[in-house]
Amino acid sequence: MNMNSHAFAGNPIKSRTPKPREPVSPQSALKTLRTLLSTNSQIISDDDFFKILPFRKGKPLTGSTTIGLKWHLGWLSLSDCKSYLEKSQVVLTDDSLVYLGSQNENGVDFVYWGIDVSDASGLVDELGARQFCFVELRTLMVATDWSDSKAMSQLAIAGHGRALVEWHNTARFCGYCGSKTVPIEAGRRKQCSNDLCNKRIYPRVDPVVIMLVIDKENDRALLGRQSRFVPRMWSCLAGFIEPGESLEEAVRRETWEETGIEVGEVVYHSSQPWPGFYPFLSLSLSSSSFNY
Ligand SMILES: [Zn+2]
């Protein structure tokens, strides 16, 4: 199955996590990042292999071209990112960057990072002067040509980045002892700062089922609509999976709760990341259901 057919799937920079000894691994990249930042220089050299994607209130930085109205992610170099933040009196530290992945482009290895710049108020005007702006992920999804695999890859990277950056904002304290959490593994995990606890915390994923319920004759589909929907808009039924529940059970329970219809056989279709539209990273599991 072509995963690029699903929005937010097919992220090319996280198809595999490099081994720790590889120069583009989270461990090696973080070490290099610390060295570069500790130079305390206005202009950081040799940082070309780092690309940084800023997020403001969950919106990735993007640019657009008038030709074909295409958009692209607004990657910054480490030195550019540092100087932009300094203009807003924000100091760039290794703790503020989140490792997103790596990729070899034309024989050169690049490491990609995300950063939340919501506190840097002056950044919008600064970047606006360079024809960049922060755009809602859902808007980008609608603006993307789904047959354009490169654009779909960019969308997947933006979705993953937003989910991780937003998770850092919401997982500030340990759920076990209440102490502050600190990023570890280049921001891919967090850990409780209390030495008596040291609980590791992983990015949260909330699984959701979305289902197309069809009748036995296979000629009618059960759809729903919410009061906030525009006229004539209908959608498949969907809902969060509860603890101790299989996908099939979630499909049956949600369908019955929302419509009173009892579902028969449940057939799995595919899965899809759905980042940032719920409070955390959501995972959608699609299925076709047969109503008897
Ligand atoms: Zn703790």
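Worth a mention:
- Residues located in segment 71-114, provided they are among the β-branched types (Val, Ile, Thr) and part of a strand (DSSP E or B): Val98, Val108, Val111
- The single residue among Val135, Val142, Val205 that is of a type in the set (Val, Ile, Thr) and either within 12 Å of the ligand (Cβ to nearest atom) or at pLDDT 90 or above (or both) turns out to be Val135.
- Unmet requirement for Ala158, which otherwise passes all of (1) more than 16 Å from the ligand (Cβ to nearest atom); (2) part of a loop (DSSP other than H, G, I, E, B): (2)
- Where Leu85 falls short, out of the listed (1) more than 18 Å from the chain's Cα centre (by Cα); (2) farther than 24 Å from Leu30 by Cα; (3) surrounded by 12 or more Cβ atoms within 10 Å (Cβ to Cβ); (4) not charged (D, E, K, R): (2)
- In segment 161-185, residue surrounded by the fewest Cβ atoms within 10 Å (Cβ to Cβ) [restricted to those that are within 21 Å of Gly58 (Cα to Cα) and within 9 Å of the ligand (Cβ to nearest atom)]: Phe173
- Being modelled with pLDDT under 90 and under 30 Å from Ala143 (Cβ atoms) is a property that does not hold for Lys57.
The values are calculated or read from the model by the stated rules, or taken from the named source; none is laboratory data. Worth saying up front: this structure is predicted, and the values here are computed from it rather than measured. We place every Cβ from the backbone using ideal geometry, glycine too, and count neighbours over all the protein chains shown.
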